[in-house]
Amino acid sequence: MISFFICLLILIGGYFVYGKVVENTFAPDDRETPAVRINDGVDYVVMPQWKLFLVQLLNIAGLGPIFGALTGALWGPVVFLWITFGTIFAGGVHDYFSGMLSERNEGASVSEITGIYLGNTMKNVMRVFSVVLLVMVGTVFAVGPAGLIQLLFTNAGVTNILSNKMFWLIVILAYYFIATFISIDKIIGKIYPIFGICLIIMALGVAIGILTNSNYVIPEIWSNFTNMHPSGTPIWSFMFITVACGAISGFHATQSPLMARCMKSERQGHFVFYGAMVSEGIIALIWAAAGCSIYEGATLLEMGGGCPATVYDICSKTMGSVGLVLAMLGVIACPITSGDTAFRSARLVLADWFKIDQKPYKNRLILCVPVLAVGAFLGIGNALGKIDYNVIWRYFSWTNQTLAMIVLWAASMFLFREKKNYWLTAVPATFMSAVSMTYFICAPECLNLSTAIAYPVGLVLAAVFLGLFIAATKRQPKNA
């Protein structure tokens, strides 16, 4: 348990120390923000800092730091190190710069930011890449909760329409349409802070339940510094891909512009972006500790790692009946609150792409209808058994971390142009390049080659990306 508390203190200290280094490197000032300058009453709306933080936390978190961390616990307490140092030196940096670069560029979406700093080719790649990723996330976070609600009513003996998955899928998609269409402060700004608080309380309850129960002992890193995965799955780079939202996640870069369009001051960025990521890291650390202390690796693997059944079981064991209520709220509400902002972000990416003003109702409908129609097609196809849920989600892990890699390279180019320390982002960009490329080469759902090939090739490709970045800095003047 000592190593758990050390990691917890490092995370908290990282917010105040390294988070301040990141903020000072970017150097926020008192310029007028897009929320104040544009303020269209739809996507550009000034919100108070506490609400910005809670909405950002729920936008980037959802069930990510729960499911991912529990699955990461299969590798044992070594996962604590990735959550801790990944959050401070990679995830927090990634989230801060993705949010602040958006704020500096009129609240632009991640694809447009990439184009500004890495060129038009990368911009077009990221446009397609991010829209596909967002629709995929939104679809999965509609299908999953619909199935869970159906399961709850079925287990309760209800046999009417309330136990029909298709009914709940349609209800969730209808809500997604409304949340994607109307002003951000009408639904998202009102209910997200409530669910954000619930997510925090849920994690605190689990932590207290573990620490006060003598039956659960959080294992120490130094006594278990080895790969404890029951199936022998390698730590590199599978663990780094699996525990995404608890350490670094490219999906966050698609969400940060939502709050970048609602900030009153640039100085709020440290608390809103870096702070939300550190909070997510703490939540992930707690859930990883729960997985390591309550279950043996083989038992956790048999239960499915990070899945609703495991969450229900942990909440029941640590918090009793109150925990079950929180678990029900968490595994249903949290993915829904990630799904609606995923579709909203997809609308904004398309709006930036085709230069469509989103203040008129008609223009929003032009984008909302096709985006939600694709999501409905995929979701209903799954409900009818025509489209496999796993096929929709299979490539998310890799595309997620690849997106993070690209955003960090874009931030590195920004810092170079501003004559600032670009190694702050170039180092984690290189690391994530190695992670992403190695995983793509050896993962079963990708090239499925041996680790003997994947490891050296992944490292070489990361070095090549770093070399290309350095070469690019030589070809253009600073402050270009």
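Condition first: open to solvent by 30 Å² or more (accessible area, probe 1.4 Å) and in contact with a Ser or Thr (Cβ under 9 Å, 6 or more places away or on another chain). Now tell me which residues in the range 299-351 satisfy that.
Passing the criteria: 301, 303, 304, 324.
Just one of (1) at pLDDT 95 or above; (2) out of contact with any Ser or Thr (no Cβ under 9 Å at 6 or more places or on another chain); (3) within 24 Å of residue 244 (Cα to Cα) trips up residue 35, so point out which.
So residue 35 meets the others, but not (3).
Quick one: which residue in 291, 305 is more than 30 Å from residue 182 (Cβ to Cβ) and not in a helix (DSSP H, G or I)?
Exactly one residue qualifies, and that residue is 305.
Take residue 42 and tell me if it is in contact with a Lys or Arg (Cβ under 6 Å, 6 or more places away or on another chain) and surrounded by 18 or more Cβ atoms within 10 Å (Cβ to Cβ).
Yes, satisfied.
Do we have any residue at all in the range 428-448 that's in a helix (DSSP H, G or I) and loosely packed, with under 14 Cβ neighbours inside 10 Å?
No; the residues of the range 428-448 include none that is in a helix (DSSP H, G or I) and loosely packed, with under 14 Cβ neighbours inside 10 Å.
Take residue 81 and decide whether it is in contact (Cβ under 8 Å) with a residue 12 or more places away in the chain and open to solvent by 10 Å² or more (accessible area, probe 1.4 Å).
Considered against the rule, which asks whether it is in contact (Cβ under 8 Å) with a residue 12 or more places away in the chain and open to solvent by 10 Å² or more (accessible area, probe 1.4 Å), residue 81 comes out as yes.
Just for the range 179-195: of the residues that are aliphatic (A, V, I, L, M) and open to solvent by less than 10 Å² (accessible area, probe 1.4 Å), which one is nearest to the chain's Cα centre (by Cα)?
Across the range 179-195, the extreme among qualifying residues is 188.
Select from the range 352-386 the residues that are touching a Leu at 6+ places or on another chain (Cβ under 6 Å) and more than 15 Å from residue 169 (Cα to Cα) and list them in ascending order.
Within the range 352-386, just 367 meets the criteria.
Can you tell me which of (1) among the aliphatic types (A, V, I, L, M); (2) in a loop (DSSP other than H, G, I, E, B); (3) open to solvent by less than 10 Å² (accessible area, probe 1.4 Å) is the one residue 228 doesn't meet?
(3)
Contact list please: Cβ distance under 8 Å, first residue in the range 154-178 and surrounded by fewer than 14 Cβ atoms within 10 Å (Cβ to Cβ), second residue modelled with pLDDT of 90 or more and in a helix (DSSP H, G or I), pairs at least six apart or on different chains.
That search, which allows pairs on different chains as well, returns 161/167.
Checking the condition open to solvent by less than 10 Å² (accessible area, probe 1.4 Å) and not basic (Lys, Arg), which residue from 58, 118 passes?
58
So which residues in the range 13-36 are assigned to a helix (DSSP H, G or I), in contact (Cβ under 8 Å) with a residue 24 or more places away in the chain and within 30 Å of residue 185 (Cα to Cα), if there are any at all?
Correct list: 15, 19, 20, 22, 23, 26, 34, 35, 36.
Given the condition modelled with pLDDT of 95 or more, farther than 20 Å from residue 3 by Cβ, open to solvent by 10 Å² or more (accessible area, probe 1.4 Å) and not in a helix (DSSP H, G or I), answer yes or no: does some residue in the range 211-223 qualify?
No; the residues of the range 211-223 include none that is modelled with pLDDT of 95 or more, farther than 20 Å from residue 3 by Cβ, open to solvent by 10 Å² or more (accessible area, probe 1.4 Å) and not in a helix (DSSP H, G or I).
The values are calculated or read from the model by the stated rules, or taken from the named source; none is laboratory data. Just so we're clear, the structure is a prediction, and the values are computed from it rather than from any experiment. Neighbour counts are summed over all protein chains in view; Cβ atoms, including those assigned to glycine, are modelled from backbone coordinates with ideal geometry. Protein only, heavy atoms only, side chains kept; ligands, DNA and RNA dropped before computing areas. Shrake-Rupley method; radii C 1.70, N 1.55, O 1.52, S 1.80 Å.
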